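Report on the following structure.
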Amino acid sequence: MKPKKTILCVDDNEQALSIRKILLETRGYRVVACNNGEAALAAFRRGGVDLVLTDLIMPGVDGSKLIAEIKTLSPLTPAVLLSGQVKIYERDTKADVFLPKGMYEPVDLLEKIRLLLVRKRGPKRLIELREPMAARATVA
């Protein structure tokens, strides 16, 4: 059985956070839920996060700043930015995907998450396969 992927889910709206947490857990993901950017950064630094799903507009560290900080720590960690206030996100962001709240179906969110996690896993697998071949080449 393959290990569950861990998603860091961040939203200052407790109801939206709870709904997303249940949606993701029922699909087999492990969810670390945080209601602000500072707590999310602390949770990310503890390690084990495979993907970040965050609201854009939050007090303190907003979603865009959170993703920028996470990408500084771990550039390959996929990030999804959500917003109910902004329909088209035009500022520079390091998010891999932007979704306006209410403009997508839950199945769309789940598919984007699945694709981002597959993309994240892909290169690691190739690197793992190449390393043993390189080791064999030097032994021969």
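The values are calculated or read from the model by the stated rules, or taken from the named source; none is laboratory data. Since the model is a prediction, treat every value here as computed from it, not as a measurement. Because the Cβ atoms are built from the backbone with ideal geometry, glycine has one as well, and the counts that use them run over all protein chains shown.
Would you tally the residues in the stretch 43-61 being farther than 15 Å from THR6 by Cβ and out of contact with any Leu (no Cβ under 6 Å at 6 or more places or on another chain)?
5
Could you grab me the full set of residues in the stretch 85-140 that are among the charged types (D, E, K, R), over 12 Å from the mean Cα position of the chain (by Cα) and modelled with pLDDT of 90 or more?
ASP108, GLU111
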